[in-house]
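The values are calculated or read from the model by the stated rules, or taken from the named source; none is laboratory data. Computed from a prediction, not measured in an experiment: that's the story for all the values here. A quick note on method: Cβ atoms are made from the backbone with ideal geometry, for glycine too, and the neighbour counts reach across all protein chains shown.
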């Protein structure tokens, strides 16, 4: 029944094109899958991850047509972290962000780890976190052919931040239902770990009753997912969540992984997702993310879907990125 760590974070963007440019050319993360929202086929779903699309490394985005800008506040998954190898990597990223005009806070420290918070064109909230003193879940593999030198490049997902009004309830849910442990506190921020712990298996919960209720839209997170080994563990979590009173989605086959969803607090949607099968079942390593990939049940609708979503050029195998 163990949760192994963070699996992925899914957010909402105002522009799949701008999103692709930002994650590819600014953050140096690899687009490993260009597909559509399986429940809304006119909406792109882009997956950015490490070199191999490893579980625990991917940040994904929907671009729902016509959705308004979100409002940050309490009761939201408020910030996504990305792991980098060292404190020195953060110095590199400060210079990179300054040169590329990415808004950031400068290097700070929280729970003994150096961090660098920044935002994208939608005011989506992120931070880089140093693995300098990290123990626990191992990092992924940086995108080998990306624009960022490998010794500084992003290697996966770090702690997910959640801002919540009813902290006592949320702490009890994390500890008694999901089997997290609170390991540290700094002011209103509480650090919880699960499984092997470390940056790849952490949630930071901010107790906040001052800000107004957040409102989901572009620039905000849709849900976060946690890693489980396989279908049998997924089914175990379905039974466990139902037994303590949560409504779940039941088993969902997402083709690239298998899933289960449960809303655990106001506006907080958690997913449990299996480590496999992964992203290379229908595309070779060399050209991951370059074509529109559809799960088998949507393949008969390919012609219709290709008319609904405008083309985005994501071919990179013919380009040479200069590491800078």
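In summary, residue 95 fulfils each of the numbered conditions (1) more than 30 Å from residue 264 (Cα to Cα); (2) touching a residue at least 12 places away in the same chain (Cβ under 8 Å) with the single exception of condition (2).
Got a number for residues in the range 257-283 being over 27 Å from residue 169 (Cβ atoms) and either assigned to a strand (DSSP E or B) or at pLDDT 95 or above (or both)?
Going through the range 257-283, the residues over 27 Å from residue 169 (Cβ atoms) turn out to be 257-258, 274-283.
Among the residues that remain, those that are also either assigned to a strand (DSSP E or B) or at pLDDT 95 or above (or both) are: 257-258, 274-277.
Result for the range 257-283: 6.
Kindly provide the set of residues from the range 174-192 that are out of contact with any helix residue (DSSP H, G or I) (no Cβ under 8 Å at 6 or more places or on another chain), surrounded by 13 or more Cβ atoms within 10 Å (Cβ to Cβ), within 24 Å of residue 272 (Cα to Cα) and free of Cβ contacts under 8 Å to residues at least 40 places away in the same chain, ordered by number. Residues satisfying the conditions are 174, 175. The residues of the range 48-59 that are farther than 17 Å from residue 281 by Cβ and assigned to a strand (DSSP E or B), listed by number, are 48, 59. The listed residues are 118, 133, and the only one of them that is in a loop (DSSP other than H, G, I, E, B), touching a residue at least 12 places away in the same chain (Cβ under 8 Å) and closer than 25 Å to residue 186 by Cα turns out to be 133.
Inside the range 153-178, residues that are in a loop (DSSP other than H, G, I, E, B) and either closer than 20 Å to residue 55 by Cα or modelled with pLDDT under 95 (or both) make up a count of 4. Residues in the range 303-314: is at least one modelled with pLDDT of 95 or more, surrounded by 12 or more Cβ atoms within 10 Å (Cβ to Cβ), over 17 Å from the mean Cα position of the chain (by Cα) and part of a strand (DSSP E or B)? No: zero hits.
When residue 120 is tested against (1) out of contact with any helix residue (DSSP H, G or I) (no Cβ under 9 Å at 6 or more places or on another chain); (2) surrounded by fewer than 22 Cβ atoms within 10 Å (Cβ to Cβ); (3) closer than 18 Å to residue 20 by Cα, just one condition goes unmet, and that condition is (1).
Cβ separations smaller than 7 Å between residues 6+ apart or across chains give the following pairs from the range 228-248 residues that are touching a residue at least 60 places away in the same chain (Cβ under 8 Å) to residues that are part of a helix (DSSP H, G or I): 228/234; 228/237; 244/177. The condition of being under 18 Å from the mean Cα position of the chain (by Cα), under 23 Å from residue 266 (Cα atoms) and assigned to a strand (DSSP E or B) holds for only one of 45, 8, that being 8.
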